[in-house]
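Presented below is the structure to which this report refers.
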């Protein structure tokens with residue numbers, strides 16, 4: 001049984017202008033201990049999806065359909081008090097603006113201890129011991145737990161936030177662009193830390209990023225999102241070697257590379273669609289070079305192109321990438 | 001031929017006040033510290049480094065948004081360091097422009113696209129409305145916002161991020177500058193939009209014969225855009241040379257670490273960790289030794305005693321390291 | 001370079017007019033949605049109606065000898081003044097036989113004139129100083145901020161008392177003094193804070209790089225971006241001005257012939273305020289009018305706040 005099983009999740013935001021189709025019919029699963037990557041551009045619904053998993057969506061969001069099964073239990077039907085237990089001990093999250101999610105007036109260690117004590121029913125001394133251990137795990141000197149956030153650098157804050165997310169031994173950690181604001185050298189260290197901790201604690205990781213190179217390094221399997229749809233999903237190596245969706249291919253050729261021959265980039269024409277009025281048929285068709293009549297009228301089926309490698313496209317590509 | 005822009009020992013110190021007991025001690029952040037380089041006509045010169053390395057400050061010094069503490073900036077053979085006002089400054093403002101990082105904040109929300117792009121024209125004495133309209137339409141077409149009349153009277157909030165950045169580029173280019181400082185113009189944009197903006201900037205170089213100082217933290221972007229590259233660390237240039245040369249054969253340990261830390265978009269590739277110690281510290285009253293010393297994995301006795309190493313020519317590029325060329 | 005328009009555009013002024021109308025419509029819709037804003041506006045319109053109706057009534061149905069707000073007298077009710085409301089005098093008469101409703105309506109005009117003039121002066125000064133201080137900082141900023149501190153700590157009423165003994169303090173002068181005084185006061189702090197958030201925006205740097213002078217940047221970039229907030233504070237300033245006038249008139253410190261404050265003052269000085277409730281028509285109408293008008297401007301201000309501060313907006 002997968003740890004997390006998301007089935008046909010559809011999620012809209014009600015606005016004055018109409019409904020924003022933020023997430024539409026997304027299906028995927030995370031196995032225990034697995035590192036799964038989710039890649040997509042801003043506004044593709046990846047953050048909404050993460051918030052939906054924790055039921056932390058803003059008030060104007062409405063889940064129109066689907067299930068989120070965590071260890072077999074549908075989180076969408078769970079009462080709020082039970083959901084609160086899931087939130088720290090089952091699934092925890094490292095937020096995008098993690099550096100600002102520490103309260104400046106409390107010592108960093110105390111903030112984590114407080115979270116532990118509310119969720120785990122352990123003594124202060126025990127919690128302190130565990131925070132010291134967590135600090136060690138994320139590469140922070142345990143003495144730092146008695147310091148205030150302003151005494152930390154950006155990278156240190158990020159590590160403290162990771163320690164906080166790990167505080168209650170969650171089975172799944174969702175990391176939403178945790179290194180986006182950081183410099184490459186710090187990013188490298190954080191990524192290595194996350195991977196090490198994940199292996200040691202055998203927890204599952206859902207890593208969300210716009211950076212396909214980071215995703216390549218952290219994930220074993222990955223999903224590609226575009227305009228609220230999951231357009232491709234499968235083994236990371238398979239997707240990088242044989243991207244089947246034209247959008248995935250475009251993402252890969254839009255990135256300049258440091259290694260190998262210098263090549264011309266191919267950006268995509270146009271802009272991502274307005275999700276208030278998503279285009280009919282395949283949402284990618286207005287920007288797709290391969291679009292035909294069927295793409296303009298009917299949504300493509302989400303089907304396997306090879307075992308474990310699914311794609312939502314009428315004209316899936318095979319072996320087009322070197 | 002003399003270079004288009006020559007920068008000589010440019011230094012910018014920012015005072016930070018700190019109280020030590022009753023004494024008020026003045027400390028200085030050495031944001032830019034004795035930086036020298038030259039940009040040739042038609043060249044794209046890259047400035048890369050992590051946040052806080054002084055690359056943006058250098059850019060702002062070059063467009064005279066900041067006044068240098070010492071050093072010289074020479075544009076087309078004319079020393080513009082002490083230019084304060086008058087027609088000479090006006091002429092300078094016409095020749096040197098800047099493109100900012102954040103397309104959401106660099107456009108006045110109350111200005112239409114026309115207002116934004118026509119503003120520099122008006123400032124530089126184009127008083128005929130018809131001429132301003134014609135030139136705005138022309139530059140809009142050049143930056144790929146076609147047909148121009150559909151974009152001219154939109155407000156920034158009616159444009160996407162990529163379109164906004166094109167407007168910002170149009171504003172910089174409409175006065176036909178010779179030199180443009182581009183401060184991370186693609187870092188806030190979506191991946192699929194970035195390539196288009198980078199290609200636009202490369203195209204405009206050909207069409208308008210403009211040179212760029214291209215500031216970025218992304219080495220891959222620098223590789224795509226720049227002819228030559230300077231790597232900055234805590235206010236100092238540590239390595240400079242032709243882009244491919246610097247990126248393929250880095251000689252400075254910092255450049256090497258920086259390159260090693262860039263994620264590789266290939267899941268089958270295992271990247272070795274970069275060799276670097278500790279964290280960046282702000283350059284407040286830095287000691288005279290090599291700036292990189294506290295983080296250098298290969299520091300020798302010489303590095304601990306000698307002052308910060310000068311930029312020395314090694315093979316095809318300049319390196320500020322005593323150990324460069326010694327294995 | 002050929003100066004030939006390749007695109008045939010409609011004239012710029014027409015485009016601007018269209019854009020202005022469009023944004024006005026959008027803002028009006030938001031203002032309307034705030035509910036309290038339109039309510040305030042409705043009350044203000046009611047007062048405007050009263051103001052306009054007065055001269056018409058005086059010219060048609062009201063006999064000036066009886067109904068003049070200052071020198072009128074109803075001879076039919078000699079000895080009975082102040083008379084309670086009656087068909088002839090819907091709000092009764094005051095201790096010296098003048099019609100209260102007529103006084104109330106007549107005073108509306110001066111209240112408006114005073115409030116709006118004072119607020120306009122306050123906000124103009126505040127906006128200019130705020131923008132200039134924020135842009136230049138340093139010594140300019142320090143000087144104006146110390147003045148603002150001084151003004152805020154200064155007992156304004158006491159100042160007016162002193163001033164009154166020196167000059168003839170009529171409505172126009174009062175508006176001027178109040179406008180200038182509060183213009184240098186607290187409002188500059190608020191508007192400067194707003195201007196500071198504008199000043200650090202990259203588009204200001206872009207304007208500098210384009211060669212824009214300080215004057216140009218303040219005029220074209222900073223002031224237009226703080227103007228919505230200035231307008232908002234103007235509404236609150238009207239409230240302040242009307243209130244201050246009422247207080248000063250009540251104490252008889254102004255050289256004004258008639259106002260809502262004077263109406264209460266008249267009742268008080270003739271000793272009719274002591275029997276509270278008995279002679280209610282003397283103090284209640286002007287009291288309610290003052291409260292209602294101030295309240296109306298305040299409501300309009302709050303309604304505008306949803307426009308100025310998008311965070312207050314409903315999605």
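The values are calculated or read from the model by the stated rules, or taken from the named source; none is laboratory data. Bear in mind the structure is a predicted one, so any value in this text is a computation, not a measurement. Virtual Cβ from ideal backbone geometry, glycine too; neighbours counted across all protein chains shown.
Key figures
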item: Verdict on residue C:87 being surrounded by fewer than 15 Cβ atoms within 10 Å (Cβ to Cβ) and part of a loop (DSSP other than H, G, I, E, B); result: yes
item: Single residue of B:204, B:140 found to be farther than 30 Å from residue B:284 by Cα, in a helix (DSSP H, G or I) and away from every other protein chain (no Cβ under 12 Å); result: B:204
item: Qualifying residue in segment A:181-196 (condition: crowded, with 20+ Cβ neighbours inside 10 Å, within 13 Å of chain B (Cβ to nearest Cβ) and part of a strand (DSSP E or B)); result: no
item: Segment A:48-72: number of residues that are over 19 Å from residue A:14 (Cα atoms) and surrounded by fewer than 13 Cβ atoms within 10 Å (Cβ to Cβ); result: 1
item: Segment B:93-137, residues that are closer than 15 Å to residue C:208 by Cα and either loosely packed, with under 15 Cβ neighbours inside 10 Å or in contact with a strand residue (DSSP E or B) (Cβ under 7 Å, 6 or more places away or on another chain) (or both); result: B:95, B:96, B:97, B:98, B:99, B:100
item: One residue from C:248, C:293, C:254 being in contact with a helix residue (DSSP H, G or I) (Cβ under 7 Å, 6 or more places away or on another chain), in a loop (DSSP other than H, G, I, E, B) and away from chain B (no Cβ under 14 Å); result: C:254
item: Complete set of residues in segment B:304-321 that are part of a loop (DSSP other than H, G, I, E, B) and surrounded by fewer than 18 Cβ atoms within 10 Å (Cβ to Cβ); result: B:306, B:307, B:310, B:315, B:316
item: Residue list for segment C:89-134, restricted to those being in contact with a strand residue (DSSP E or B) (Cβ under 8 Å, 6 or more places away or on another chain) and more than 16 Å from residue C:62 (Cβ to Cβ); result: none
item: Exclusive hit being out of contact with any helix residue (DSSP H, G or I) (no Cβ under 7 Å at 6 or more places or on another chain) and modelled with pLDDT under 90, set C:261, C:303, C:271; result: C:271
item: Selection from segment A:253-266 of residues that are assigned to a helix (DSSP H, G or I) and within 7 Å of chain B (Cβ to nearest Cβ); result: A:254
item: Flag for residue A:140 being under 19 Å from residue A:198 (Cβ atoms), part of a loop (DSSP other than H, G, I, E, B) and within 25 Å of the chain's Cα centre (by Cα); result: yes
item: For residue C:75: the one exception among (1) without any contact (Cβ under 8 Å) to a residue 60 or more places away in the chain; (2) touching a helix residue (DSSP H, G or I) at 6+ places or on another chain (Cβ under 9 Å); (3) surrounded by 17 or more Cβ atoms within 10 Å (Cβ to Cβ); result: (3)
item: All positions within segment B:254-303 that are touching a helix residue (DSSP H, G or I) at 6+ places or on another chain (Cβ under 7 Å) and not in a loop (DSSP other than H, G, I, E, B); result: B:255, B:257, B:258, B:259, B:293, B:303
item: Matching strands (runs of 3 or more DSSP E) fully within segment A:1-104 where at least 1 residues are within 14 Å of another protein chain (Cβ to nearest Cβ); result: A:4-15, A:18-30, A:35-39, A:61-70
item: Of all residues making up segment A:199-208, the number that are assigned to a helix (DSSP H, G or I) and touching a helix residue (DSSP H, G or I) at 6+ places or on another chain (Cβ under 9 Å); result: 2
item: Those residues of segment A:234-252 which are over 13 Å from residue A:287 (Cβ atoms), out of contact with any helix residue (DSSP H, G or I) (no Cβ under 8 Å at 6 or more places or on another chain) and either touching a residue at least 60 places away in the same chain (Cβ under 8 Å) or more than 9 Å from chain B (Cβ to nearest Cβ) (or both), in sequence order; result: A:234, A:235, A:238, A:241, A:242, A:244
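A quick yes/no check of all residues on (1) in contact with a helix residue (DSSP H, G or I) (Cβ under 8 Å, 6 or more places away or on another chain); (2) buried (at least 23 other Cβ atoms within 10 Å of the Cβ); (3) within 12 Å of another protein chain (Cβ to nearest Cβ); (4) more than 26 Å from residue B:284 (Cα to Cα):
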{"residue": "B:196", "(1), (2), (3), (4)": "yes, no, yes, yes"}
{"residue": "B:212", "(1), (2), (3), (4)": "yes, yes, no, yes"}
{"residue": "B:237", "(1), (2), (3), (4)": "no, yes, no, no"}
{"residue": "B:242", "(1), (2), (3), (4)": "no, no, no, yes"}
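Each row is one residue, and each column tells you yes or no for (1) assigned to a helix (DSSP H, G or I); (2) surrounded by 15 or more Cβ atoms within 10 Å (Cβ to Cβ); (3) within 14 Å of another protein chain (Cβ to nearest Cβ); (4) in contact with a helix residue (DSSP H, G or I) (Cβ under 7 Å, 6 or more places away or on another chain).
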{"position": "C:165", "(1), (2), (3), (4)": "yes, no, no, no"}
{"position": "C:187", "(1), (2), (3), (4)": "yes, yes, no, yes"}
{"position": "C:203", "(1), (2), (3), (4)": "yes, yes, yes, yes"}
{"position": "C:207", "(1), (2), (3), (4)": "yes, yes, yes, yes"}
{"position": "C:217", "(1), (2), (3), (4)": "yes, yes, yes, yes"}
